[in-house]
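Beneath this line is the structure, given in structure tokens, with notes to follow.
The values are calculated or read from the model by the stated rules, or taken from the named source; none is laboratory data. For clarity, every value in this text was computed on a predicted model and none was experimentally measured. Here the Cβ positions follow ideal geometry from the backbone for every residue, glycine too, while neighbour counts run over all protein chains shown.
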Amino acid sequence: MTGPTPFYVGPLLVGGAAILWGTVGIASKTLYGLDNISPLALGFFRLAISVPLLLVWRWRAFEKWPFGFHGRDAVILVSIGVAMAAYQICYFQAVAEIGVVLTTFMTICSAPVLIAALSIVVLGERLTGPAAIALCLGLAGTALLIDVRGDRLVNANTAGMAWAAGSALAYSLFVLLSRALARHDPAKIIVLAFGMGALALLPFAAGAGLALDWSASAWGLVFYIGLIPTAAAYMLYFRGMRDTRAMSAGIIALLEPMTATVLALLLFDERVSSAGVAGIGLLIVAMLILAIMRFKQPAPVQEPAAAAKTPSRSIEQQ
């Protein structure tokens, strides 16, 4: 009989997943320098390569069609898959245009702010004082990031920032739609969303030129992105979230943009102006405020097994 899991195992696994996620932008930017690979093709292969490994991991959840999703739930699940496909397109296109640092911070740190704003405007959730402060900080931080300028700075063009904002919006919609499927296993949602996202991207990727004659180095990076910071990272993340508090996970999630920033600085010499640094700081503060708010919210009464499977604890942290 095994004893209880040590308290540090969960946070370590979540942290490991965040660090792996932080390498996605680095790998994709390296890939763009090796071969003529479009963001559409990369987004497709990232999802398509990850699905088989994730299916093996969660195969027991897929023994009976349609896997527990009927009617409204099935429509929402398809919408989640489309949102995931849109996220891949926007994220990889943004990396190609404005670099890793700005894309990562715009996506990861502004997404919680967008989720809070959409929850208030669309879902009618109450605007509290802390939420209002977080939203104001998030808007100010985003404005400072968009205004990045300078000779040695990342080329922050309007189109690139729009792609980064689109990736944050697509991810926010993914999270909000997932809330409507709270009774389902979040890992099952991820597997199905990735599969449907890959199918949604396939015709567009093929139309953009889905060439398969890339170099061995390029294919190695493509498989790395699909298997390690996608499939393996989610496996670590969902296991770690069993023993990690929501607020802790929200703070640990900052390892993702920090990892991306350090690697981009070392490998690509990406630089951000003082205004950009201030914007990043404001986004981080806004993200932490929202993480603390979620931790303090009273949780609905549910069975322990159901609580461990709630997407609000699992999906929303990445």
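Descriptive notes on the structure:
- Per the conditions (1) closer than 30 Å to GLY209 by Cα; (2) at pLDDT 95 or above, the sole criterion not satisfied by ILE37 is (2).
- In segment 253-284, the residues that are in contact with a Leu (Cβ under 6 Å, 6 or more places away or on another chain) and among the small types (Gly, Ala, Ser): SER273, ALA275, GLY276, ALA278, GLY279
- Test for GLY197: is it free of Cβ contacts under 8 Å to residues at least 24 places away in the same chain and assigned to a helix (DSSP H, G or I): no
- For segment 23-34, taking the residues that are small (Gly, Ala, Ser) and at pLDDT 95 or above, the one that is nearest to PRO203 (Cα to Cα) is identified as SER28.
- Candidate set from segment 103-117 (those that are closer than 18 Å to SER178 by Cβ and β-branched (Val, Ile, Thr)); member that is surrounded by the most Cβ atoms within 10 Å (Cβ to Cβ): THR107
- The set of residues in segment 228-254 being touching a residue at least 60 places away in the same chain (Cβ under 8 Å) and basic (Lys, Arg) consists of ARG239, ARG242.
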